[in-house]
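The values are calculated or read from the model by the stated rules, or taken from the named source; none is laboratory data. It should be emphasised that the depicted structure is a prediction, and the values quoted were computed from it without experimental measurement. Cβ: placed from backbone, ideal geometry, glycine included. Neighbour counts: every protein chain shown.
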Amino acid sequence: MEIYLRRMVRAERRSHSVVSRDGRTGACLSPKKGTKMAKIQNWTPEDPVFWRQTGSKLAWRTCGITTFSLIFSFATWFVMSAVVVRMPAIGFKWVFRPIVTVDSGGS
């Protein structure tokens, strides 16, 4: 996939657009200066040629990365919430004291 994106970036630099076999314009990727990531300039998932050549691969890749990130985030949250509940059992003593004292300002 990375090789395909590099080729598209090179083609975009040459002609500022990627043209499919039937003459339609596909996704235009242009990297920001100083980064290796590319920004999608054109997203037409309704176009069957675009979807077959570019869109489907990019969408599935994005879906996979997003799903992994969400599962990892949820697992981290779940483990930390379980650890905090069991901390008193391993010797950690919770001290409940006010952090801020509210004063009425009276004498």
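Of note:
- Cross-chain or 6+ apart pairs with Cβ under 8 Å, the stretch 39-60 first and without any contact (Cβ under 8 Å) to a residue 24 or more places away in the chain, then part of a strand (DSSP E or B): Lys39/Leu29; Lys39/Ser30; Lys39/Pro31; Ile40/Leu29
- Residues of the stretch 28-48 satisfying the condition of being loosely packed, with under 12 Cβ neighbours inside 10 Å, of a type outside the set (A, V, I, L, M), in a loop (DSSP other than H, G, I, E, B) and modelled with pLDDT of 65 or more: Thr35, Lys36, Glu46
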